[in-house]
Amino acid sequence: MAGYVLIVESDAELQRQIGSALRDAGFELHAEAEGAWAKRSVGTRLPDVVVVDTRLTDGDGFAFADELRQAPETRATPIVFVASTHRGVSHRAEARRRFAPADYLPTPLDLARLAPRVAELAARGSADVDVPIDEADLITPPPVPKESLRDPAQQRERRDVERSAKSLAADPDDAELQGTLKRTPFARLLQRLYAKRATGSLLLLRDTTKKIVLFVEGYPTSVRSNVLGETLGRSLLEKRLITSEILAESVGRMQKEKRHQGEILVEMGALSPFNLERALVEQVEAKLFEVFSWSDGKFMFKAGDAAAGEQNRLLERAPAATILEGIRRHYDEARQQAVLEKYDHQYLSLTSDPLLRLQDMTSDPVELAFIQSIDGTRQLNVILERAEIARDKARLLRSRG
(Lines give C-alpha, C1' and ligand atoms only; values in the text may rest on other atoms or scores of the structure.)
Protein backbone atom coordinates (compact mmCIF):
# COMPACT_ATOMS: atom_id res chain seq x y z
CA MET A 1 0.00 0.00 0.00
CA ALA A 2 1.37 3.40 -1.02
CA GLY A 3 0.08 5.17 2.10
CA TYR A 4 -3.03 6.55 3.78
CA VAL A 5 -4.52 9.78 2.41
CA LEU A 6 -7.28 11.90 3.91
CA ILE A 7 -9.29 13.79 1.26
CA VAL A 8 -11.31 16.76 2.50
CA GLU A 9 -13.43 17.86 -0.44
CA SER A 10 -17.04 19.13 -0.51
CA ASP A 11 -17.51 18.85 -4.27
CA ALA A 12 -18.74 15.27 -4.77
CA GLU A 13 -17.52 14.93 -8.35
CA LEU A 14 -14.12 16.41 -7.61
CA GLN A 15 -13.79 14.18 -4.58
CA ARG A 16 -14.64 11.18 -6.75
CA GLN A 17 -12.01 12.13 -9.32
CA ILE A 18 -9.31 12.64 -6.69
CA GLY A 19 -10.24 9.40 -4.96
CA SER A 20 -10.21 7.44 -8.21
CA ALA A 21 -6.77 8.74 -9.20
CA LEU A 22 -5.26 7.97 -5.79
CA ARG A 23 -6.99 4.61 -5.43
CA ASP A 24 -5.61 3.51 -8.79
CA ALA A 25 -2.16 4.41 -7.48
CA GLY A 26 -2.62 2.06 -4.51
CA PHE A 27 -3.42 4.51 -1.73
CA GLU A 28 -5.70 3.72 1.16
CA LEU A 29 -8.24 6.54 1.39
CA HIS A 30 -10.72 8.24 3.65
CA ALA A 31 -12.82 11.23 2.59
CA GLU A 32 -14.85 13.90 4.36
CA ALA A 33 -16.80 16.90 3.12
CA GLU A 34 -16.50 19.02 6.27
CA GLY A 35 -13.54 20.23 8.27
CA ALA A 36 -15.14 19.32 11.61
CA TRP A 37 -15.50 15.65 10.66
CA ALA A 38 -12.08 15.63 9.02
CA LYS A 39 -10.63 16.72 12.38
CA ARG A 40 -12.32 13.74 14.06
CA SER A 41 -10.95 11.46 11.37
CA VAL A 42 -7.41 12.67 12.04
CA GLY A 43 -7.97 11.92 15.73
CA THR A 44 -8.85 8.33 14.84
CA ARG A 45 -6.06 7.70 12.36
CA LEU A 46 -3.16 9.95 11.31
CA PRO A 47 -2.89 10.36 7.52
CA ASP A 48 0.36 10.27 5.59
CA VAL A 49 -0.89 13.09 3.34
CA VAL A 50 -3.90 15.42 3.50
CA VAL A 51 -5.58 16.70 0.32
CA VAL A 52 -7.90 19.57 1.23
CA ASP A 53 -9.98 22.02 -0.80
CA THR A 54 -9.76 25.72 -0.07
CA ARG A 55 -13.58 25.72 0.18
CA LEU A 56 -15.59 23.36 2.40
CA THR A 57 -19.26 23.17 3.32
CA ASP A 58 -18.53 24.32 6.88
CA GLY A 59 -15.92 26.96 6.13
CA ASP A 60 -12.63 26.91 4.29
CA GLY A 61 -9.76 24.49 4.13
CA PHE A 62 -7.37 27.00 5.65
CA ALA A 63 -8.96 26.70 9.10
CA PHE A 64 -8.54 22.92 8.98
CA ALA A 65 -4.94 23.30 7.79
CA ASP A 66 -4.27 25.67 10.68
CA GLU A 67 -5.50 23.03 13.15
CA LEU A 68 -3.22 20.46 11.54
CA ARG A 69 -0.23 22.75 11.91
CA GLN A 70 -1.08 23.56 15.55
CA ALA A 71 -1.24 19.90 16.64
CA PRO A 72 2.17 18.30 17.35
CA GLU A 73 1.25 14.97 15.75
CA THR A 74 0.26 16.57 12.41
CA ARG A 75 2.61 19.57 12.36
CA ALA A 76 4.75 17.96 9.67
CA THR A 77 2.00 16.16 7.76
CA PRO A 78 2.16 17.10 4.05
CA ILE A 79 -0.84 19.19 2.95
CA VAL A 80 -1.93 19.49 -0.68
CA PHE A 81 -4.39 22.34 -1.25
CA VAL A 82 -6.94 22.05 -4.05
CA ALA A 83 -7.61 25.68 -4.95
CA SER A 84 -11.20 25.72 -6.17
CA THR A 85 -11.24 29.24 -4.66
CA HIS A 86 -8.44 31.63 -3.60
CA ARG A 87 -6.54 30.91 -6.81
CA GLY A 88 -4.57 34.13 -7.03
CA VAL A 89 -0.83 34.49 -6.57
CA SER A 90 -1.31 36.41 -3.33
CA HIS A 91 -3.51 33.64 -1.88
CA ARG A 92 -0.95 31.01 -2.84
CA ALA A 93 1.85 33.03 -1.23
CA GLU A 94 -0.17 33.60 1.96
CA ALA A 95 -1.03 29.90 2.20
CA ARG A 96 2.63 28.95 1.77
CA ARG A 97 3.64 31.42 4.48
CA ARG A 98 1.03 30.27 7.02
CA PHE A 99 0.67 26.54 6.38
CA ALA A 100 3.75 25.47 4.39
CA PRO A 101 1.68 23.26 2.06
CA ALA A 102 3.52 20.75 -0.06
CA ASP A 103 1.51 21.90 -3.07
CA TYR A 104 -1.18 24.39 -4.05
CA LEU A 105 -3.04 23.04 -7.09
CA PRO A 106 -5.63 25.07 -9.02
CA THR A 107 -8.72 23.47 -10.54
CA PRO A 108 -9.29 21.82 -12.92
CA LEU A 109 -6.79 19.40 -11.47
CA ASP A 110 -4.10 17.66 -13.46
CA LEU A 111 -5.02 14.21 -12.13
CA ALA A 112 -2.13 12.54 -13.94
CA ARG A 113 0.26 14.65 -11.86
CA LEU A 114 -1.60 14.33 -8.57
CA ALA A 115 -0.96 10.66 -7.72
CA PRO A 116 2.83 10.73 -8.34
CA ARG A 117 3.11 13.92 -6.30
CA VAL A 118 1.16 12.46 -3.37
CA ALA A 119 3.24 9.27 -3.58
CA GLU A 120 6.39 11.35 -3.40
CA LEU A 121 5.10 13.19 -0.33
CA ALA A 122 3.98 10.00 1.43
CA ALA A 123 7.36 8.37 0.82
CA ARG A 124 9.26 11.47 1.94
CA GLY A 125 7.22 11.74 5.12
CA SER A 126 7.82 8.14 6.12
CA ALA A 127 11.55 8.50 5.39
CA ASP A 128 12.04 11.79 7.22
CA VAL A 129 10.18 10.97 10.43
CA ASP A 130 11.46 8.24 12.70
CA VAL A 131 8.20 7.07 14.27
CA PRO A 132 8.03 3.81 16.20
CA ILE A 133 5.83 1.29 14.38
CA ASP A 134 2.91 -0.06 16.32
CA GLU A 135 2.73 -3.75 15.48
CA ALA A 136 -1.05 -3.56 15.81
CA ASP A 137 -1.12 -1.48 12.64
CA LEU A 138 0.56 -4.27 10.71
CA ILE A 139 -1.89 -7.05 11.48
CA THR A 140 -5.55 -7.64 10.84
CA PRO A 141 -7.70 -6.68 13.84
CA PRO A 142 -8.79 -9.71 15.87
CA PRO A 143 -12.16 -11.13 14.84
CA VAL A 144 -15.18 -9.78 16.63
CA PRO A 145 -17.14 -12.46 18.52
CA LYS A 146 -20.01 -13.71 16.37
CA GLU A 147 -22.54 -13.04 19.10
CA SER A 148 -21.74 -9.32 18.84
CA LEU A 149 -22.40 -9.30 15.08
CA ARG A 150 -26.01 -10.40 15.11
CA ASP A 151 -27.07 -7.50 12.94
CA PRO A 152 -30.90 -7.48 13.08
CA ALA A 153 -31.19 -5.48 9.84
CA GLN A 154 -29.09 -8.01 7.92
CA GLN A 155 -31.02 -10.89 9.46
CA ARG A 156 -34.27 -9.34 8.21
CA GLU A 157 -32.72 -8.87 4.76
CA ARG A 158 -31.65 -12.51 4.73
CA ARG A 159 -35.18 -13.69 5.48
CA ASP A 160 -36.60 -11.36 2.82
CA VAL A 161 -34.13 -12.59 0.19
CA GLU A 162 -34.86 -16.25 0.94
CA ARG A 163 -38.59 -15.57 0.60
CA SER A 164 -38.23 -13.50 -2.58
CA ALA A 165 -35.83 -16.02 -4.16
CA LYS A 166 -38.31 -18.82 -3.58
CA SER A 167 -41.05 -16.75 -5.22
CA LEU A 168 -38.89 -15.81 -8.24
CA ALA A 169 -37.76 -19.41 -8.80
CA ALA A 170 -41.28 -20.83 -8.49
CA ASP A 171 -42.20 -20.21 -12.17
CA PRO A 172 -39.03 -20.50 -14.29
CA ASP A 173 -41.06 -20.42 -17.51
CA ASP A 174 -41.96 -16.80 -16.76
CA ALA A 175 -38.30 -15.75 -16.78
CA GLU A 176 -37.26 -13.38 -19.55
CA LEU A 177 -33.63 -14.48 -19.21
CA GLN A 178 -32.04 -17.43 -17.44
CA GLY A 179 -28.84 -19.41 -17.66
CA THR A 180 -25.43 -19.85 -16.06
CA LEU A 181 -22.69 -17.34 -15.39
CA LYS A 182 -20.16 -19.77 -16.86
CA ARG A 183 -21.82 -19.36 -20.25
CA THR A 184 -22.93 -15.73 -19.80
CA PRO A 185 -20.45 -13.91 -17.51
CA PHE A 186 -21.96 -11.34 -15.18
CA ALA A 187 -20.41 -8.43 -17.09
CA ARG A 188 -22.09 -9.65 -20.29
CA LEU A 189 -25.39 -10.18 -18.48
CA LEU A 190 -25.37 -6.60 -17.17
CA GLN A 191 -24.68 -5.34 -20.70
CA ARG A 192 -27.60 -7.34 -22.11
CA LEU A 193 -30.01 -6.04 -19.48
CA TYR A 194 -28.85 -2.50 -20.19
CA ALA A 195 -29.31 -2.96 -23.95
CA LYS A 196 -32.86 -4.25 -23.33
CA ARG A 197 -33.52 -1.35 -20.95
CA ALA A 198 -34.92 -4.04 -18.68
CA THR A 199 -36.93 -3.39 -15.52
CA GLY A 200 -37.37 -6.23 -13.07
CA SER A 201 -35.58 -8.56 -10.65
CA LEU A 202 -32.44 -10.61 -11.27
CA LEU A 203 -31.98 -13.66 -9.05
CA LEU A 204 -28.38 -14.91 -8.70
CA LEU A 205 -27.59 -18.28 -7.12
CA ARG A 206 -24.29 -19.93 -6.21
CA ASP A 207 -24.29 -22.81 -3.73
CA THR A 208 -26.19 -21.39 -0.73
CA THR A 209 -25.63 -17.74 -1.67
CA LYS A 210 -28.62 -15.85 -3.06
CA LYS A 211 -28.67 -12.27 -4.32
CA ILE A 212 -31.44 -10.22 -5.88
CA VAL A 213 -30.60 -7.18 -8.02
CA LEU A 214 -33.35 -4.75 -8.99
CA PHE A 215 -33.15 -3.03 -12.40
CA VAL A 216 -34.93 0.05 -13.69
CA GLU A 217 -34.57 0.77 -17.41
CA GLY A 218 -31.38 -1.29 -17.54
CA TYR A 219 -29.79 0.34 -14.49
CA PRO A 220 -29.05 -1.78 -11.40
CA THR A 221 -30.62 0.18 -8.56
CA SER A 222 -30.32 -2.02 -5.47
CA VAL A 223 -28.96 -5.34 -4.24
CA ARG A 224 -30.08 -7.63 -1.45
CA SER A 225 -28.23 -10.68 -0.19
CA ASN A 226 -28.68 -13.60 2.20
CA VAL A 227 -25.01 -13.40 3.26
CA LEU A 228 -24.91 -12.24 6.87
CA GLY A 229 -21.30 -11.05 6.63
CA GLU A 230 -22.17 -8.29 4.11
CA THR A 231 -23.15 -5.77 6.78
CA LEU A 232 -22.51 -2.06 7.13
CA GLY A 233 -20.57 -2.50 10.35
CA ARG A 234 -18.35 -5.24 8.97
CA SER A 235 -17.58 -3.12 5.90
CA LEU A 236 -16.60 -0.13 8.05
CA LEU A 237 -14.44 -2.32 10.28
CA GLU A 238 -12.57 -3.82 7.32
CA LYS A 239 -11.82 -0.29 6.07
CA ARG A 240 -10.63 0.68 9.58
CA LEU A 241 -13.20 3.48 9.75
CA ILE A 242 -14.45 2.13 13.08
CA THR A 243 -12.93 -0.10 15.74
CA SER A 244 -14.16 -3.52 16.82
CA GLU A 245 -15.28 -1.96 20.11
CA ILE A 246 -17.39 0.65 18.30
CA LEU A 247 -18.84 -2.08 16.08
CA ALA A 248 -19.84 -4.20 19.04
CA GLU A 249 -21.36 -1.22 20.86
CA SER A 250 -23.36 -0.09 17.80
CA VAL A 251 -24.75 -3.60 17.17
CA GLY A 252 -25.69 -3.90 20.83
CA ARG A 253 -27.56 -0.60 20.63
CA MET A 254 -29.28 -1.72 17.43
CA GLN A 255 -30.61 -4.80 19.15
CA LYS A 256 -31.72 -2.83 22.21
CA GLU A 257 -33.04 0.37 20.61
CA LYS A 258 -34.38 -1.08 17.31
CA ARG A 259 -32.71 1.66 15.26
CA HIS A 260 -30.50 1.68 12.17
CA GLN A 261 -26.79 1.13 12.76
CA GLY A 262 -25.78 4.12 10.65
CA GLU A 263 -27.94 6.46 12.71
CA ILE A 264 -26.36 5.11 15.89
CA LEU A 265 -22.80 5.46 14.56
CA VAL A 266 -23.42 9.11 13.66
CA GLU A 267 -24.91 9.73 17.09
CA MET A 268 -21.83 8.11 18.66
CA GLY A 269 -19.60 10.49 16.67
CA ALA A 270 -17.91 7.52 14.97
CA LEU A 271 -19.11 8.37 11.46
CA SER A 272 -20.07 11.61 9.71
CA PRO A 273 -23.47 11.90 7.98
CA PHE A 274 -21.58 12.39 4.71
CA ASN A 275 -19.62 9.16 5.10
CA LEU A 276 -22.69 7.29 6.30
CA GLU A 277 -24.35 7.94 2.94
CA ARG A 278 -21.19 6.86 1.14
CA ALA A 279 -20.81 3.76 3.30
CA LEU A 280 -24.41 2.64 2.72
CA VAL A 281 -23.99 2.92 -1.04
CA GLU A 282 -20.58 1.19 -0.94
CA GLN A 283 -22.04 -1.61 1.18
CA VAL A 284 -24.67 -2.37 -1.47
CA GLU A 285 -22.14 -1.93 -4.30
CA ALA A 286 -19.86 -4.50 -2.65
CA LYS A 287 -22.72 -7.03 -2.74
CA LEU A 288 -23.03 -6.47 -6.48
CA PHE A 289 -19.31 -6.40 -7.29
CA GLU A 290 -18.74 -9.66 -5.41
CA VAL A 291 -20.73 -11.45 -8.14
CA PHE A 292 -17.97 -10.58 -10.64
CA SER A 293 -15.76 -13.04 -8.74
CA TRP A 294 -18.14 -15.92 -9.49
CA SER A 295 -16.81 -18.23 -12.21
CA ASP A 296 -20.21 -19.95 -12.33
CA GLY A 297 -23.68 -19.77 -10.86
CA LYS A 298 -27.27 -19.57 -12.04
CA PHE A 299 -29.29 -16.52 -12.94
CA MET A 300 -32.92 -15.78 -13.68
CA PHE A 301 -34.39 -12.42 -14.67
CA LYS A 302 -38.09 -11.65 -14.42
CA ALA A 303 -39.51 -8.44 -15.84
CA GLY A 304 -41.86 -6.27 -13.83
CA ASP A 305 -41.91 -3.39 -11.39
CA ALA A 306 -40.28 -3.94 -8.01
CA ALA A 307 -42.67 -5.04 -5.32
CA ALA A 308 -43.48 -2.61 -2.53
CA GLY A 309 -40.91 -2.75 0.23
CA GLU A 310 -38.19 -4.29 -1.98
CA GLN A 311 -36.25 -1.06 -2.53
CA ASN A 312 -32.85 -0.94 -0.87
CA ARG A 313 -30.08 1.66 -0.97
CA LEU A 314 -29.96 3.09 -4.51
CA LEU A 315 -26.76 2.57 -6.45
CA GLU A 316 -25.12 5.54 -8.12
CA ARG A 317 -22.93 4.07 -10.87
CA ALA A 318 -24.12 3.81 -14.44
CA PRO A 319 -24.07 0.30 -16.00
CA ALA A 320 -20.81 0.80 -17.91
CA ALA A 321 -19.03 2.20 -14.85
CA THR A 322 -20.43 -0.69 -12.78
CA ILE A 323 -19.04 -3.24 -15.24
CA LEU A 324 -15.65 -1.53 -15.33
CA GLU A 325 -15.39 -1.36 -11.53
CA GLY A 326 -16.49 -4.98 -11.09
CA ILE A 327 -13.82 -6.13 -13.53
CA ARG A 328 -11.22 -3.92 -11.88
CA ARG A 329 -11.94 -5.46 -8.48
CA HIS A 330 -12.27 -9.12 -9.40
CA TYR A 331 -10.49 -9.84 -12.70
CA ASP A 332 -6.77 -10.41 -12.28
CA GLU A 333 -4.43 -10.10 -15.25
CA ALA A 334 -4.77 -13.79 -16.17
CA ARG A 335 -8.56 -13.62 -16.21
CA GLN A 336 -8.55 -10.43 -18.28
CA GLN A 337 -6.19 -12.05 -20.77
CA ALA A 338 -8.40 -15.14 -20.98
CA VAL A 339 -11.36 -12.93 -21.92
CA LEU A 340 -9.45 -10.97 -24.55
CA GLU A 341 -7.24 -13.60 -26.18
CA LYS A 342 -9.91 -14.82 -28.61
CA TYR A 343 -10.22 -11.25 -29.94
CA ASP A 344 -6.46 -10.64 -30.15
CA HIS A 345 -6.25 -10.51 -33.95
CA GLN A 346 -9.69 -9.09 -34.64
CA TYR A 347 -10.25 -5.54 -35.86
CA LEU A 348 -12.33 -3.63 -33.33
CA SER A 349 -14.61 -0.63 -33.72
CA LEU A 350 -17.27 1.06 -31.61
CA THR A 351 -20.81 -0.01 -32.33
CA SER A 352 -23.10 2.54 -33.92
CA ASP A 353 -26.13 1.15 -32.05
CA PRO A 354 -26.90 3.61 -29.20
CA LEU A 355 -28.61 0.81 -27.25
CA LEU A 356 -25.39 -1.20 -27.18
CA ARG A 357 -22.99 1.67 -26.56
CA LEU A 358 -21.77 2.15 -23.01
CA GLN A 359 -20.62 5.73 -23.40
CA ASP A 360 -20.51 6.50 -19.67
CA MET A 361 -17.83 3.93 -18.77
CA THR A 362 -15.39 6.57 -17.56
CA SER A 363 -15.16 10.34 -17.15
CA ASP A 364 -11.35 10.40 -17.50
CA PRO A 365 -10.59 12.43 -20.66
CA VAL A 366 -7.48 10.35 -21.48
CA GLU A 367 -9.41 7.09 -21.16
CA LEU A 368 -12.29 8.53 -23.21
CA ALA A 369 -9.82 9.52 -25.94
CA PHE A 370 -8.47 5.95 -25.94
CA ILE A 371 -11.99 4.53 -26.36
CA GLN A 372 -12.82 6.97 -29.16
CA SER A 373 -9.61 5.98 -31.00
CA ILE A 374 -10.94 2.44 -31.55
CA ASP A 375 -12.13 2.91 -35.15
CA GLY A 376 -11.93 -0.51 -36.81
CA THR A 377 -8.53 0.03 -38.46
CA ARG A 378 -6.43 -1.89 -35.89
CA GLN A 379 -6.39 -5.32 -34.30
CA LEU A 380 -6.88 -5.62 -30.55
CA ASN A 381 -3.28 -6.61 -29.84
CA VAL A 382 -2.08 -3.54 -31.75
CA ILE A 383 -4.54 -1.29 -29.91
CA LEU A 384 -3.22 -2.48 -26.54
CA GLU A 385 0.44 -2.27 -27.57
CA ARG A 386 0.12 1.30 -28.84
CA ALA A 387 -2.28 2.64 -26.22
CA GLU A 388 -1.32 6.02 -24.77
CA ILE A 389 -2.56 4.92 -21.36
CA ALA A 390 -1.12 2.20 -19.14
CA ARG A 391 -1.60 -1.27 -20.62
CA ASP A 392 -3.45 -2.53 -17.53
CA LYS A 393 -5.99 0.30 -17.85
CA ALA A 394 -6.36 -0.28 -21.59
CA ARG A 395 -6.94 -3.98 -20.97
CA LEU A 396 -9.55 -3.22 -18.33
CA LEU A 397 -11.48 -0.98 -20.73
CA ARG A 398 -11.60 -3.84 -23.25
CA SER A 399 -12.42 -6.68 -20.78
CA ARG A 400 -16.13 -6.11 -20.39
CA GLY A 401 -17.09 -9.62 -21.56
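The values are calculated or read from the model by the stated rules, or taken from the named source; none is laboratory data. These numbers come from a predicted model, not from an experiment. Here the Cβ positions follow ideal geometry from the backbone for every residue, glycine too, while neighbour counts run over all protein chains shown. To get the accessible areas, we keep the full protein, side chains included, count just its heavy atoms, and leave off ligands, DNA and RNA. Shrake-Rupley method; radii C 1.70, N 1.55, O 1.52, S 1.80 Å.
General remarks:
- Residue ID - modelled with the lowest pLDDT, chosen from residues in the stretch 222-246 that are surrounded by fewer than 21 Cβ atoms within 10 Å (Cβ to Cβ) and of a type in the set (Gly, Ala, Ser): Gly229
- Unique match (being touching a Gly at 6+ places or on another chain (Cβ under 6 Å) and under 17 Å from Phe274 (Cα atoms)) among Asp58, Asp48, Asp11: Asp58
- Among the conditions (1) modelled with pLDDT under 90; (2) closer than 16 Å to Ala187 by Cβ; (3) not polar (S, T, N, Q), the only one that Gly269 does not satisfy is (2).
- Of all residues in the stretch 47-102 being assigned to a strand (DSSP E or B) and among the charged types (D, E, K, R), the one that is nearest to Leu22 (Cα to Cα): Asp53
- Residue match in the stretch 374-390 (condition: surrounded by fewer than 15 Cβ atoms within 10 Å (Cβ to Cβ), under 29 Å from Gly26 (Cα atoms) and modelled with pLDDT under 75): yes
One line per residue, one yes/no per condition, for (1) open to solvent by 40 Å² or more (accessible area, probe 1.4 Å); (2) within 30 Å of Thr243 (Cβ to Cβ); (3) touching a residue at least 12 places away in the same chain (Cβ under 8 Å):
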residue: Ala170; (1), (2), (3): yes, no, no
residue: Thr180; (1), (2), (3): yes, no, yes
residue: Leu190; (1), (2), (3): no, no, yes
residue: Tyr219; (1), (2), (3): yes, no, yes
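- Filtering the stretch 192-207 to residues that are small (Gly, Ala, Ser) and either part of a helix (DSSP H, G or I) or surrounded by fewer than 16 Cβ atoms within 10 Å (Cβ to Cβ) (or both) leaves only Ala195.
- Matching option when the condition is at pLDDT below 90 and small (Gly, Ala, Ser), among Ala102, Ala63: Ala102
- Selection count, the stretch 265-275, where residues are buried (at least 21 other Cβ atoms within 10 Å of the Cβ) and in a helix (DSSP H, G or I): 2
- Considering the stretch 67-85, and only residues there that are open to solvent by 60 Å² or more (accessible area, probe 1.4 Å) and out of contact with any Gly (no Cβ under 9 Å at 6 or more places or on another chain), the residue that is farthest from Asp48 (Cα to Cα) turns out to be Gln70.
- Sole exception among (1) charged (D, E, K, R); (2) over 25 Å from the mean Cα position of the chain (by Cα); (3) assigned to a strand (DSSP E or B) for Arg163, by number: (3)
- Of all residues assigned to the stretch 47-64, none qualifies as being surrounded by fewer than 20 Cβ atoms within 10 Å (Cβ to Cβ), in contact with a helix residue (DSSP H, G or I) (Cβ under 6 Å, 6 or more places away or on another chain) and touching a residue at least 40 places away in the same chain (Cβ under 8 Å).
- Odd one out for Met254, checked against (1) open to solvent by 50 Å² or more (accessible area, probe 1.4 Å); (2) modelled with pLDDT of 85 or more; (3) of a type in the set (A, V, I, L, M): (1)
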